[in-house]
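Below is one structure; the comments refer to it alone.
The values are calculated or read from the model by the stated rules, or taken from the named source; none is laboratory data. Note that the structure is a prediction, hence the values are computed from the model and not measured. As a convention, Cβ positions derive from the backbone with ideal geometry for all residues, glycine included, and neighbour counts pool all protein chains shown. With ligands, DNA and RNA removed, areas are computed over all heavy atoms of the protein, side chains included. Shrake-Rupley method; radii C 1.70, N 1.55, O 1.52, S 1.80 Å.
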Amino acid sequence: MSLVVVGSMAFDAIETPFGKSDKIIGGAGTYIAWCASNFTQPIKQISVVGGDFPQEELDALTARGVNLEGVQIKKDEKTFFWSGRYHLDMNSRDTLDTQLNVLENFQPVVPESYQDCEFLMLGNLVPAVQRSVIEQLKNRPKLIVMDTMNFWMEVALDDLLKTLAMVDVLMVNDSEARQLSGEHSLVKAAAKIMAMGPKYLVIKKGEHGALLFHEKQIFFAPALPLEDVFDPTGAGDTFAGGFIGHLARTKDISFDNMKTAIIVGSAMASYCVEKFGTQRLREISDVDIESRLNEFVQLVNFDISVG
Ligand code: AMP
């Protein structure tokens with residue numbers, strides 16, 4: 001039984017008010033794999049890269065327990081490239097460039113060895129590609145989680161809606177939830193989005209935490225107040241990696257355990273933003289994760305007697 005992760009593997013170029021990166025390794029699938037491998041292994045990865053993607057990056061993922069049998073390498077093509085610039089608040093950003101390259105005609109092939117998939121994390125990627133992976137699995141996974149972004153709402157809405165109807169959990173940020181639903185109130189937006197298919201909805205609000213919706217229930221997890229945020233890129237994907245990683249490790253998909261999973265995702269995301277790219281995620285140990293989870297417990301722990 002295993003966790004299958006689908007998502008972009010990319011080169012990113014990032015500008016923040018505090019610095020600028022060269023072309024560095026990024027991609028939703030990359031962040032998810034680095035993060036989730038702290039909780040469960042192997043991670044069975046599905047993605048595509050060009051001949052320009054460094055072999056040592058692939059080797060580093062393999063060493064981390066990430067199975068790359070489902071990652072296609074198109075020798076004569078270029079890896080997906082994304083570039084973004086953050087505003088002063090570090091919460092909002094503009095996409096400066098998106099070059100799909102190998103993603104343009106990507107047709108994922110699910111290897112036979114991935115058919116034991118119990119947990120499926122559909123990281124941000126072409127919605128039709130996400131759906132193709134669901135359709136290739138002979139048995140429906142126990143839980144399918146989908147992440148997406150405004151870009152796909154603009155260029156592939158029909159496909160996105162079809163994929164959405166097949167998943168259990170959707171993760172989006174607050175502006176994407178508003179765009180998808182046409183509602184400003186996040187509570188109304190959540191009700192509309194859950195009517196499109198997913199039984200659970202996670203709305204990420206950057207430094208203002210995350211909300212989990214299921215039927216009439218709502219749970220809120222704060223983000224850890226940090227002294228310095230260096231680069232928010234990948235925070236959402238890292239959050240997703242922590243969320244699904246925790247669920248896959250515990251094999252418990254109850255609403256209560258999803259609350260814990262949201263805290264784990266938030267703790268992991270708080271590490272991700274401390275350095276550019278995936279750098280911080282590569283450094284942290286189980287002890288670091290444990291200590292940050294404790295900080296979360298302290299952050300929200302209080303006694304109150306009502307009535
Ligand atoms: P996040 O900051 O969590 O929203 O994710 C940022 C990552 O998403 C970057 O590493 C990008 O390479 C990747 N990304 C950006 N745009 C897209 C897209 N249209 N499709 C797939 N991945 C993308």
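At full extension, His208 and Leu161 could sit 14.2 nm farther apart than now, given 0.36 nm per residue minus the alpha carbon distance. Converting phi to 3J(HN,Hα) with the Karplus coefficients 6.51, -1.76 and 1.60 and the offset θ = phi - 60°, the stretch 41-52 yields 9, x, 9, 9, 9, 10, 6, 8, 9, x, x, 7 Hz in sequence order, with x at every glycine or proline. Rolled with a 1.4 Å probe across the full set of protein chains, the surface gives Trp152 an accessible area near 20 Å². Using R0 = 45 Å, the C-beta based FRET efficiency linking Arg282 and Ser305 works out to 0.50.
Over the stretch 2-300, what portion of Cα pair distances is larger than 29 Å, expressed as a whole percent? Here the tail beyond 29 Å accounts for 27 percent of pairs. Computed from the alpha carbon atoms alone, the convex hull of the stretch 153-245 holds 110 Å³ per residue. Heavy atoms of the protein chains alone define the surface here; on that basis the stretch 2-300 has 41 Å² accessible area per residue at 1.4 Å probe size. Counting only lysines at least 8 places from Lys44 when in the same chain, those with an alpha carbon closer than 17 Å to its own are Lys138, Lys142, Lys251.
Ranked by the mean number of other Cβ atoms within 10 Å of their residues, highest first, the peptides 199-205, 176-182 come out as 199-205, 176-182. Dividing the summed -39500 (n - 2.57) terms of all DSSP H runs of n ≥ 4 by the residue count of the chain sets its mean residue ellipticity at 222 nm at -11000 deg cm²/dmol.
May I ask you to rank Lys251, Lys20 by accessible area, largest first, using a 1.4 Å probe over the protein chains only? Walk me through the intermediate numbers first.
Working: Lys251 95, Lys20 150 Å².
I get Lys20, Lys251, largest accessible area first.
The length gained on full extension between Glu154 and Lys259, counted as 0.36 nm times the residue separation minus their Cα-Cα distance, comes to 34.7 nm.
Peptide packing for 252-258, 239-245 was compared via the average number of neighbouring C-beta atoms within 10 Å per residue; ordered from the highest value, the list is 239-245, 252-258. Label separation (Thr95 vs Asp22): 2.6 nm, computed from points 7 Å beyond Cα along the C-beta direction.
What the phi angles of the stretch 229-244 give under the Karplus curve with 6.51, -1.76 and 1.60, with θ = phi - 60°, is a coupling list of 10, 8, 7, x, 4, x, 4, x, 6, 5, 4, 4, x, x, 4, 6 Hz, glycine and proline written as x. Computed from the C-beta positions of Ser185 and Glu15, the FRET efficiency with R₀ = 45 Å rounds to 0.85.
Roughly speaking, to the nearest percent, how much of the chain's 1.4 Å accessible area is carbon and sulfur?
Details: 6740 of 13420 Å².
In the chain, the share of accessible area belonging to carbon and sulfur is 50 percent.
Computed about the Cα centre, the dipole magnitude for the chain is approximately 760 debye when only Lys and Arg (+1) and Asp and Glu (-1) carry charge, each at its Cβ.
Have a look at the DSSP beta bridges in the stretch 2-300 and tell me what percent are antiparallel, nearest 5. Provide the component values of the computation, followed by the final result.
On the way: 21 of 55 bridges.
So the antiparallel bridges in the stretch 2-300 amount to around 40 percent.
Between the residues Pro232, Ser254, Ala267, the greatest Cα displacement towards the positive end of the dipole of the stretch 198-278, with unit charges on the Cβ of Lys, Arg, Asp and Glu, is found for Ser254.
Take the Cβ-Cβ distance between Gln72 and Asp228 as r, set R0 to 45 Å, and report the resulting FRET efficiency rounded to the nearest 0.05. So the FRET efficiency works out to roughly 0.75. Positive-end ranking of Met194, Ala10, Trp152 along the dipole of the stretch 2-300, with charges on Cβ about the Cα centre, is headed by Met194.
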